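Remarks on the structure that follows.
The values are calculated or read from the model by the stated rules, or taken from the named source; none is laboratory data. Bear in mind that the values here come from a model prediction, so they are computed numbers and not experimental data. Because the Cβ atoms are built from the backbone with ideal geometry, glycine has one as well, and the counts that use them run over all protein chains shown. Remember, those area values only see protein heavy atoms, side chains included, never the ligands or the DNA or RNA. Shrake-Rupley method; radii C 1.70, N 1.55, O 1.52, S 1.80 Å.
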Amino acid sequence: MSAELGLDLEDFAKVEAAVKEYGAGAEKAIADILHDSGESIYREINPLIHPSGRKFKGHGSSAAASAWPRYDTNDPLSVTVATRSKFHYLYFPDDGSNTDHHQGMQQFFKRGGEAAAPRIVDRCLDALVSEWKER
């Protein structure tokens, strides 16, 4: 389970201008920042997950209190924050499937990613500008 999000037009224009100024190697600089951003995205998503409060034999701790994230950095300019297999059930409250048993459409993955995006963009811009000035 994961959610995709992109940059809004204003942020994209800022990054595009910085990439043009930076020149060669900008893709690697941005990819390095993105690949290290999984933890900061996780920190924005996790508080949005509401524990069920259920307690019974065999019921483990909630996702909010567990190590649920898995980070994929296989694509050059992306990071995917997904759930470990034990926590794939987060799909249901996130997207609203089977709402007879779950309070759906919480979209905590999307909202958490959107909350982390401005800081990630700033980190990308800072990396490009500082390295460009050092040249």
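With the requirement that a residue be at pLDDT below 85, assigned to a loop (DSSP other than H, G, I, E, B), closer than 18 Å to His50 by Cβ and not hydroxyl-bearing (Ser, Thr, Tyr), what does the range 89-135 give you?
If the condition is that a residue be at pLDDT below 85, assigned to a loop (DSSP other than H, G, I, E, B), closer than 18 Å to His50 by Cβ and not hydroxyl-bearing (Ser, Thr, Tyr), then Gly96, Asn98, Asp100, His101, His102, Gln103, Gly104, Met105, Gln106 are the ones that fit.
Do we have Asp11 as at pLDDT below 85, among the charged types (D, E, K, R) and within 13 Å of Val121 (Cα to Cα) here?
When the stated conditions are applied, Asp11 passes them.
Looking at the structure I just gave you, is Tyr71 of a type in the set (Phe, Trp, Tyr), under 18 Å from the mean Cα position of the chain (by Cα) and open to solvent by 50 Å² or more (accessible area, probe 1.4 Å)?
Criteria met by Tyr71.
Would you check if there is a residue in the range 41-61 being modelled with pLDDT of 90 or more, more than 22 Å from Asp94 (Cα to Cα) and either touching a helix residue (DSSP H, G or I) at 6+ places or on another chain (Cβ under 7 Å) or open to solvent by less than 40 Å² (accessible area, probe 1.4 Å) (or both)?
For the range 41-61, residues modelled with pLDDT of 90 or more, more than 22 Å from Asp94 (Cα to Cα) and either touching a helix residue (DSSP H, G or I) at 6+ places or on another chain (Cβ under 7 Å) or open to solvent by less than 40 Å² (accessible area, probe 1.4 Å) (or both): absent.
Would you say Lys86 is modelled with pLDDT of 85 or more, more than 14 Å from the chain's Cα centre (by Cα), over 30 Å from Asp126 (Cβ atoms) and among the charged types (D, E, K, R)?
yes
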